[in-house]
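Colleague: Quick one: the structure is below, questions incoming.
The values are calculated or read from the model by the stated rules, or taken from the named source; none is laboratory data. The model shown is predicted, which means the values in this text are computed figures rather than measured ones. As a convention, Cβ positions derive from the backbone with ideal geometry for all residues, glycine included, and neighbour counts pool all protein chains shown. For accessibility, only protein heavy atoms count, side chains too; no ligands or nucleic acids. Shrake-Rupley method; radii C 1.70, N 1.55, O 1.52, S 1.80 Å.
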Amino acid sequence: MQYMSATTCPHCQGRRLRPESLAVTVPIAGEPRSIAQFTALSLERALEGARAMNFTGRDRIVADRLQREIVERLEFLNAVGLDYLSLDRSAATLSGGEGQRIRLATQIGSRLRGVLYVLDEPSIGLHQRDNRRLIEALTNLRDLGNTVLVVEHDEDTIRQADYVLDLGPGAGKNGGMLIAAGTPQQVMDNPASLTGQYLAGKIEIVARAQPRPLTGRWITVENATAHNLQEVTAHFPLGVMTVVTGVSGSGKSTLVTDILYRALARELYGSREEPGAHGRVVGIDQIDKVIEIDQSPIGRTPRSNPATYTGVFTTIRDLFAMLPESRERGYKPGRFSFNVQGGRCEACQGDGQRRIEMNFLPDVYVLCDVCNGRRYNQETLSVRFNGHSIADLLDLPIADALPVLKDIPAAAAKLQTLVDVGLGYIHLGQSATTLSGGEAQRMKLARELSKRQTGRTLYLLDEPTTGLHFDDVRKLLEVLHRLTDLGNTVIIIEHNLDIVRNADYVLDMGPEGGGRGGRIVAHGTPEQIATVASSYTGRFLARHYGADHAGSNWANRISSNGGGGVSHAGPQPLDIAATPDRVKAARGKFVAPVKKTGVPAARLAEPGIKAARRSLSAKVPVRAAKKNVSLKRGESA
């Protein structure tokens, strides 16, 4: 699929049905519409259309029950904040949170009672305004007589809960205990609960006193029209941390991921992914790398682990190969790899576990009975460094492995970075498939921090706080600030107000989702965004910047914040301009070089090349003739 791209069907124009099926129409608000036209509407407009369906006579008798069923299901979808989606939207393009809310709307519509519902992070990708709708939907499920169990870090959801269970106190081997239980107030009153301390305000994720000053360098996306974007021209400052906010479906991911990232990847790396519809991107010459850091796994197989991903494993294998015992036996670094023959356990081929096929049932994995899960044979395990075999070292948490390898600079620096981002509890050899999305993302950030920095890298993150506790968000912010302080540019798509408050510059998209969004509502520092009345994000930010963000004081806040009464609502100022990129010469078509001369055929038309070719062709027969004929002095060939 790497070399394939999707195009609209030329026969049905993307409507998927034959003309005979499309010829059947239903009167909606006095206008006949086919099923393709109806499903192309947003859920909000589809609900209005379903309510406005007019039938008479026999048709009304047949359609009445069906119409009520359609209206009821559309009401549930709108109630959970999905009014910006269309019915024909491909399931593959939905985010995890959108898919979860669609399933939730289905359950609300079923009107079941006595059911236990278990939801894992239902607030993923939700703006604070939309999150309120979700909480109302969950409350309705509870009020019907059901039990709702939610795994969640969102503050508003925790405060609305009837009963809270807090696990901890730390992560990994430092967790696994019930720290607090009870109402939200009881959890806040418990000093042992880290969650309660954050909820009570005793511990805060502190925002910087002043945002970083803008460098005056920008990268610009002009005339973006993909999906619901309304001819948006967006300017992103370089060298600072920028957060793109907005309600769900306002066009944030389309602008940053589908257009900006793909356009930069195509220009810098020759990527084949086509960016969304836009005019052009200006200012690319000011960066040399663009890196998208998401929460996808760092490895797809159990053989991948933090040691292999960060490159520490190579250093460890080289270290063990240099030990006196290894040199006596002639062991090379490959001897200490569990992926190649020689030092690994051949019974499990370095997996540490053996697979038992169960025919029609899922395969079962059991601990290898030869190496007991240590992956290496006894000869390899007998080589020790500071009393640790290589299997012992891989089984240590990163925080415990750091003192063992403190005298190995190449390994110690990378391990220290992992500890700094809050991953000290993870084992060096822990399977990558067991890491959560947040852990995988912080591991990617740690690897970037350990690299030599050029200060010209652009990092893009989409919802990095997904699945993160308040304390994990604080650690993530420390990493992002370190990356930015090195001169890099960080652009984040986020709803979390703690991340927004730590931004140097904010672009707020909206004002709504779907067709009523796709525009820049506000721009500037977080405090300036808080003064914009039309911004939903600004209304929630106003809580953190004083109580005078309303009523008659609103204009005064705009004046004092923007200077001279400059409003930070709407599109960015016209005086912002990205530095034009250098004019690049078009690449000529590759021409294979001619034999013997080594000069491309296209250049043979030049006068000097023609003369060289004539002299070369004149010499060839002379050399051939010398084999058979001896010429007299002065005679020509």
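Colleague: Among the DSSP beta bridges whose two residues both lie in the chain, what percent are antiparallel, rounded to the nearest 5?
Modeller: Values: 33 of 57 bridges.
Expressed as a percentage, antiparallel bridges in the chain total about 60.
Colleague: Can you tell me the FRET efficiency between residue 173 and residue 413 if r is taken as the Cβ-Cβ distance and R0 is 22 Å, rounded to the nearest 0.05?
Modeller: Efficiency at R0 = 22 Å is approximately 0.40.
Colleague: Name the residue farthest towards the positive end of the dipole of the chain from the options 160, 220, 526, assuming +1 on Cβ of Lys and Arg, -1 on Cβ of Asp and Glu, about the Cα centre.
Modeller: Working it through, the farthest residue towards the positive pole turns out to be 220.
Colleague: Report, please, the projected area of segment 82-216 averaged over directions, based on the convex hull of its C-alpha atoms, in nm². Intermediate values should be presented prior to the final figure.
Modeller: Details: hull surface 50.7 nm².
Value for segment 82-216: 12.7 nm².
Colleague: Given charges of +1 on the Cβ of Lys and Arg and -1 on the Cβ of Asp and Glu, with all other atoms neutral, how large is the dipole of the chain about its Cα centre, in debye to the nearest 20?
Modeller: Working: 78 positive and 68 negative charges, 882 e Å.
The calculated dipole for the chain is roughly 4240 debye.
Colleague: Follow-up. Write down the accessible area per residue of the chain in Å², having rolled a 1.4 Å probe over the full set of protein chains. List each step's numbers first, then the result.
Modeller: Numbers: 34060 Å² over 637 residues.
Computed with neighbouring chains in place, this is 53 Å² per residue.
Colleague: Using the C-alpha atoms of the chain, what convex hull volume per residue, in cubic angstrom, is computed? Please list the in-between numbers first.
Modeller: On the way: hull volume 204.5 nm³, N = 637.
Convex hull of Cα atoms, per residue: 321 Å³.
Colleague: Also, quick follow-up: In Å and whole numbers, how far do the C-alpha atoms of segment 119-193 stretch along each principal axis, longest first?
Modeller: Computed over segment 119-193, the largest-to-smallest principal extents equal 35, 26, 20 Å.
Colleague: Next question. Tell me, rounded to the nearest percent, the portion of alpha carbon pairs in segment 255-365 spaced more than 16 Å apart. Don't jump to the answer; show the numbers that get you there.
Modeller: Numbers: 4559 of 6105 pairs.
Tail of the P(r) past 16 Å holds 75 percent of the pairs.
Colleague: If you don't mind, there's one more thing I want to ask. Would you calculate the convex hull of the Cα atoms in segment 417-523 and tell me its volume per residue in Å³? Kindly include the intermediate steps, with their values, before the conclusion.
Modeller: Values: hull volume 13.1 nm³, N = 107.
About 123 Å³ per residue, rounded to a whole number.
Colleague: Over the Cα atoms of segment 376-415, what radius of gyration and what Dmax do you get, in Å?
Modeller: In order Rg, Dmax, the Cα atoms of segment 376-415 give 10.6, 30 Å.
Colleague: May I pose another question? Treating only the Cα positions of segment 277-338 as identical point scatterers, give the base-10 log of I(q)/I(0) from the Debye formula at each q in 0.18, 0.28, 0.29 Å⁻¹.
Modeller: With one equal scatterer per Cα and no solvent, log10 I(q)/I(0) is -0.79, -1.15, -1.18.
Colleague: Along its principal axes, what span do the Cα atoms of segment 37-159 show, with the longest given first and each in whole Å?
Modeller: Sorted from largest, the Cα extents of segment 37-159 read 53, 32, 23 Å.
Colleague: Once the convex hull of the C-alpha atoms of segment 309-404 is built, how many Å³ does it hold per residue, rounded to a whole number? Walk me through the intermediate numbers first.
Modeller: Numbers: hull volume 10.9 nm³, N = 96.
So the per-residue hull volume is 113 Å³.
Colleague: For segment 394-457 and segment 319-376, what is the centre-to-centre distance using only Cα atoms, to the nearest Å?
Modeller: 23 Å
Colleague: Hey, which of these cross-link pairs are over 26 Å Cα-Cα: 173/252; 173/451; 406/444; 289/406?
Modeller: Working: 173/252 38 Å; 173/451 29 Å; 406/444 22 Å; 289/406 31 Å.
From the list (173/252; 173/451; 406/444; 289/406), the Cα-Cα distance tops 26 Å for 173/252; 173/451; 289/406.
Colleague: Got a number for the accessible area of residue 575? Probe 1.4 Å, square angstrom, nearest 10.
Modeller: For residue 575, the solvent-accessible surface is approximately 130 Å².
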